[in-house]
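Notes follow the structure.
The values are calculated or read from the model by the stated rules, or taken from the named source; none is laboratory data. Quick caveat: nothing in here was measured; it's all calculated off a predicted structure. So basically every Cβ, Gly included, is an ideal-geometry build from the backbone, and we count neighbours across all protein chains shown.
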Amino acid sequence: MYDQPREGGGRKAEDYPPDAPLLLGVYQVARERQLLVWLHPGEGHQDSLERVLNRHPDLTFIVHGEETESNIGNLMEKYSNIYFALNDLHGREYPLGDRNSKSRFLAILEDYEPLIEKDLATWQELIEKYPDRFRWATDRGGSAGLWSYDADAGQILVDYAREFIGRLDPEVQERFAYENAQRILQD
């Protein structure tokens, strides 16, 4: 399921709260096959997400998306089975959105220092408080179009990520950048 409409129509992931009957079988398969569960909860799904985390403490849930960002610290405090994949940086500007072109994207990130400062103010304390529960992610936001996969766009995203990660506590940098992802996938 995706959180964007797909060719041929269909429902969006945000139509399904994490405890929707459709997903309950997914959790059983994840348990049987020792798989991780990756979710992008939609607006208003926080209570549903908490019910799922509480009912399935033996499953590892990786969540991402702006709908969960404001509550992720509280969730991590209560549930040891939740992890967050952080890919929506850029000072909450969402330059990869469908309303921007490649040239607009590059212009937004030309001087990204103010955006880095916003992101550090939003995320640094939480990442450093839960250094084993956050990981860098690279969701490029499919709604932006093919230009978001262009080499110039990719390079500026890499530069931005390196700058952000480089300003975290040195004890946390490698965990956030790649070690947490490796550990979660190997467990």
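Structure notes:
- Pairs, first not assigned by TED's automatic domain parsing to the domain that holds residue 64 in the range 175-186, second part of a helix (DSSP H, G or I), C-beta under 7 Å, six or more apart: 176/127; 176/165; 177/165
- Yes/no for residue 24 being over 21 Å from residue 181 (Cα atoms) and crowded, with 20+ Cβ neighbours inside 10 Å: no
- Strands (runs of 3 or more DSSP E) fully within the range 51-169 counting 1 or more residues that are in the same structural domain as residue 36 (by TED's automatic domain parsing), closer than 23 Å to residue 40 by Cα and modelled with pLDDT of 90 or more: 61-63, 82-86
- Test: residue in the range 161-182 that is under 18 Å from residue 36 (Cα atoms) and loosely packed, with under 13 Cβ neighbours inside 10 Å: yes
- Every residue from the range 164-187 that is farther than 14 Å from residue 127 by Cα and more than 18 Å from the chain's Cα centre (by Cα): 186, 187
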